[in-house]
Amino acid sequence: MLERAETVSEPFVMSDRFKQVSDLEITRMPDGYVVYRPESDRVLFLNTTAAVTFELCDGQQSLADIQDLLVAAYELDKFPADEFRTCVNQLIVEGLIALCTP
């Protein structure tokens, strides 16, 4: 996942849809992504699961849809909901994804 989150984002629900923010410089690595956010002059590392979650935030799929895709992709018997919510929160707090408005 991301290294840290300094705060907690606004509450979100699983029906929310998020999209990647623009102006990010993304470098794909064997074990995840390195993302540079010029606005904050920060470099962030996303592990493989966080990178997949980030990629699936395309504005079309809800968090519930993403959860279903992750369960299928990783063949999970039990979805790690707390870890997923933490990951999404960190992506929001770090300014990598934004809530889509209806």
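Quick notes on this one:
- Residue match in segment 78-96 (condition: free of Cβ contacts under 8 Å to residues at least 12 places away in the same chain, assigned to a loop (DSSP other than H, G, I, E, B) and either touching a Lys or Arg at 6+ places or on another chain (Cβ under 7 Å) or at negative phi (or both)): yes
- The set of residues from segment 13-69 being surrounded by fewer than 19 Cβ atoms within 10 Å (Cβ to Cβ), in contact (Cβ under 8 Å) with a residue 12 or more places away in the chain and assigned to a loop (DSSP other than H, G, I, E, B) comprises 13, 14, 15, 16, 21, 23, 24, 31, 38, 39, 40.
- Residue tally, condition surrounded by 15 or more Cβ atoms within 10 Å (Cβ to Cβ) and under 18 Å from residue 11 (Cβ atoms), over segment 70-84: 1
Rule-based calculations on the coordinates, nothing more; no lab input. Only a predicted model underlies this, so the values are computations on that prediction, with no experimental measurement involved. Glycine also receives a Cβ, built like all others from the backbone with ideal geometry; neighbour counts cover every protein chain displayed.
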